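The values are calculated or read from the model by the stated rules, or taken from the named source; none is laboratory data. All figures in this text were calculated on a predicted structure; none of them were measured in a lab. Using ideal geometry, Cβ is built from the backbone for each residue, glycine included, and neighbour counts are taken over all protein chains shown.
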């Protein structure tokens, strides 16, 4: 019993327990955590992928100051069948989408090429690659079960990070060990110590989004004296205040042109990059336009719940209200600053790549953690016996098998015809099939390193051919993409090619025999 | 253990209450009018959702109007058989058979294939298993079974190797 021990032994027992609980929790959640982080890298680059994946978005980004919005918007909203209230116009450039979108809760979105002012044949549900990658990041394909599973995994992630740091502080780890176990341990600790600050915020917000809103139901119930169990009924009106209901005059009057209204809003607040316009009671003499966007001069404080806005009269452009970044309730500022690092709304390519690099490093740290556990198990076997262990095979399939499966997802995006029935269902089903087949192959092969090599080669090839398939089937060569200022799309092609090349390089370097593997890890790490 | 189950069920219970589904309610006013009410399962109003009455004999739109701010419309019942459509955009279209007037419908329904094709169909996000899903599911299941078979065979192989190693 620990209370019979002297203080020195008590400390020792505490450290031992800390290590054991870290190992048990870590190995239980490591694969899920890896999946979330791996797909998180793609989710970070979502704005670029969602433009790359759609043929309808392959056009030059227009100069937003020279776009004639009125000629596209007016004919749509003048249609008597089109709703007159709460019409949403998403301006080109929002989330790097070059298209102009007119939407309403009860109407299918209408999409324009702002340069040619032509209606676009939107792919709708036929193309959902970026969205699917994002859904894989937080367990959405498994619905409520997925949310809960990934949410609890994020909680476990926070526990592991904090517990791991306590261990690093309390236990004097040696970094000069020469065997593979000590190398895995060293890099697992080192990387997580470096990435600790952003990682803890990302896991905290992830847990909040997946289980925090559901889990806070009892608290919401108590706080509202039994009026509601849904936290959004309480937090929603503070974070996302609804537009006030404005009585219609029930007349029809001419509206000021959208271009003029945008210009007026720019004069009111030149710091805002306007992204979304909401038309209220349009064509009525009570008409209002709410122009909201992102203020890049105040990062971390706006972009999610806090959207600085200018409200003008639709009739004469008179200023009705002006909301600046710091006008938001303090809870909104806290909410935005905490979620900013996770959702990355409005940030530039450099910041996205920086966070993606941190996430990529985290996948390595997770990989080293799992390898450390597996290597300790493998030590029990003599050198001439292959290590055939279920967790090793499962880890191999999930951590390395995900590479060819995701590569196939990208390649299929430009192989499958866009008018194919059930296109997206076939694409994601083939992805699942490929991922599952890596599990079957892992259990079929005795040598896991040989299997890893094969998966990396296959994944590398699939990632490398994806841009080639894109060039061929989209009809745009790299030069044309460059000359037509479609650098967002070209950068995805380059990224995929580099990604694929790196996998092939690692596959080439990876040894397959037990003795060479030990040398590989001890010399390379 | 009971407490853990209770907690999980409680969370699952709360998660299901988050659904935001469009609902259609039709009231017979018994004076040859109906009141069409559109609302969400959360209690929110469905202002601006389109209400259409479509003839079942010709597929013609007999009446159409977007829901006002009160989220309900009182409509004269047509003389011919019809269906009520509440169009809430993609994946959210509700169709309900129309209520007959007090004196009954004066026209009969002529079931024609082309008319049926023109009529709006209900579109609610229902997770149904299509043939494609079933095929892929069977393939996945086959792979899982193969995994178990390989695991069994290889484990035996390793055990045999260990046995020889100890001899």
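Selection of the range B:46-57 for residues being part of a loop (DSSP other than H, G, I, E, B) and within 10 Å of chain A (Cβ to nearest Cβ) yields B:46, B:47, B:48, B:49. Of all residues in the range A:454-468, none satisfies being surrounded by 21 or more Cβ atoms within 10 Å (Cβ to Cβ), within 11 Å of another protein chain (Cβ to nearest Cβ) and without any contact (Cβ under 8 Å) to a residue 60 or more places away in the chain. Once the range A:172-186 is narrowed to residues that are part of a loop (DSSP other than H, G, I, E, B) and touching a residue at least 24 places away in the same chain (Cβ under 8 Å), the residue that is surrounded by the most Cβ atoms within 10 Å (Cβ to Cβ) is A:179.
Could you go through the range A:160-171 and let me know if any residue there is free of Cβ contacts under 8 Å to residues at least 40 places away in the same chain, within 20 Å of the chain's Cα centre (by Cα) and over 30 Å from residue A:380 (Cβ atoms). Looking through the range A:160-171, none of the residues is free of Cβ contacts under 8 Å to residues at least 40 places away in the same chain, within 20 Å of the chain's Cα centre (by Cα) and over 30 Å from residue A:380 (Cβ atoms).
Could you list, in sequence order, the residues of the range A:282-310 that are out of contact with any strand residue (DSSP E or B) (no Cβ under 7 Å at 6 or more places or on another chain) and either part of a strand (DSSP E or B) or closer than 18 Å to residue A:102 by Cβ (or both)?
Quick first cut of the range A:282-310, residues out of contact with any strand residue (DSSP E or B) (no Cβ under 7 Å at 6 or more places or on another chain) only: A:283-286, A:295, A:297-301, A:304-306.
A:283, the sole residue that qualifies.
Taking the range A:92-104 as the range and being within 14 Å of residue A:262 (Cβ to Cβ) and in contact with a helix residue (DSSP H, G or I) (Cβ under 8 Å, 6 or more places away or on another chain) as the test, only A:100 passes.
Consider the range B:119-160 and keep the residues that are surrounded by 12 or more Cβ atoms within 10 Å (Cβ to Cβ) and in contact with a strand residue (DSSP E or B) (Cβ under 9 Å, 6 or more places away or on another chain). The one that is nearest to the other protein chains (Cβ to nearest Cβ) is B:123. Filtering the range A:432-450 to residues that are surrounded by fewer than 18 Cβ atoms within 10 Å (Cβ to Cβ) and not in a helix (DSSP H, G or I) leaves A:446, A:447. The selection criterion, being more than 10 Å from chain A (Cβ to nearest Cβ), modelled with pLDDT of 90 or more and either exposed (fewer than 11 other Cβ atoms within 10 Å of the Cβ) or not in a helix (DSSP H, G or I) (or both), does not hold for residue B:163.
Counting only residues that are touching a strand residue (DSSP E or B) at 6+ places or on another chain (Cβ under 9 Å), at pLDDT below 90 and away from chain B (no Cβ under 14 Å), the range A:95-109 holds 1 of them. Quick one: is residue B:84 surrounded by 13 or more Cβ atoms within 10 Å (Cβ to Cβ), part of a strand (DSSP E or B) and away from chain A (no Cβ under 14 Å)? Here the answer is yes, as residue B:84 does meet what is asked.
Quick grid of which residues meet (1) closer than 25 Å to residue A:19 by Cβ; (2) in a helix (DSSP H, G or I); (3) within 13 Å of another protein chain (Cβ to nearest Cβ); (4) touching a residue at least 24 places away in the same chain (Cβ under 8 Å):
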site	(1), (2), (3), (4)
A:188	yes, yes, no, yes
A:211	no, yes, yes, yes
A:214	no, yes, yes, yes
A:219	no, yes, yes, no
A:222	no, yes, no, no
A:225	no, no, no, no
A:232	no, yes, yes, no
A:250	no, no, yes, yes
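Within the range A:85-121, the only residue that satisfies the criterion of being surrounded by fewer than 20 Cβ atoms within 10 Å (Cβ to Cβ), free of Cβ contacts under 8 Å to residues at least 40 places away in the same chain and not in a strand (DSSP E or B) is A:105.
Hand me the list of helices (runs of 4 or more DSSP H) wholly inside the range A:1-77 holding 3 or more residues that are closer than 27 Å to residue A:369 by Cβ and touching a helix residue (DSSP H, G or I) at 6+ places or on another chain (Cβ under 7 Å).
It comes to A:7-44.
Summed over the range A:369-393, the residues that are over 11 Å from residue A:452 (Cα atoms) and either surrounded by fewer than 17 Cβ atoms within 10 Å (Cβ to Cβ) or facing chain B (nearest Cβ under 10 Å) (or both) give a count of 15.
Could you tell me how many of the residues in the range B:1-45 are at pLDDT 90 or above and at the interface with chain A (Cβ under 8 Å from one of its Cβ atoms)? Count: 0.
Of the listed requirements (1) closer than 30 Å to residue A:421 by Cα; (2) modelled with pLDDT of 90 or more; (3) within 11 Å of chain A (Cβ to nearest Cβ), residue B:66 misses just one: (1).
For residue A:82, which of the numbered conditions (1) modelled with pLDDT under 90; (2) touching a helix residue (DSSP H, G or I) at 6+ places or on another chain (Cβ under 9 Å); (3) buried (at least 20 other Cβ atoms within 10 Å of the Cβ); (4) within 14 Å of chain B (Cβ to nearest Cβ) fails to hold? With (1) modelled with pLDDT under 90; (2) touching a helix residue (DSSP H, G or I) at 6+ places or on another chain (Cβ under 9 Å); (3) buried (at least 20 other Cβ atoms within 10 Å of the Cβ); (4) within 14 Å of chain B (Cβ to nearest Cβ) applied to residue A:82, the lone miss is (3).
Kindly evaluate residue A:409 against the criterion of being touching a helix residue (DSSP H, G or I) at 6+ places or on another chain (Cβ under 9 Å), under 17 Å from residue A:496 (Cα atoms) and buried (at least 20 other Cβ atoms within 10 Å of the Cβ). First the steps, then the outcome.
On the way: touching a helix residue (DSSP H, G or I) at 6+ places or on another chain (Cβ under 9 Å): yes; under 17 Å from residue A:496 (Cα atoms): yes; buried (at least 20 other Cβ atoms within 10 Å of the Cβ): yes.
Taking the combined requirement at face value, the residue satisfies it.
Quick check, is residue A:354 surrounded by 22 or more Cβ atoms within 10 Å (Cβ to Cβ) and either at positive phi or away from chain B (no Cβ under 14 Å) (or both)? Considered against the rule, which asks whether it is surrounded by 22 or more Cβ atoms within 10 Å (Cβ to Cβ) and either at positive phi or away from chain B (no Cβ under 14 Å) (or both), residue A:354 comes out as no.
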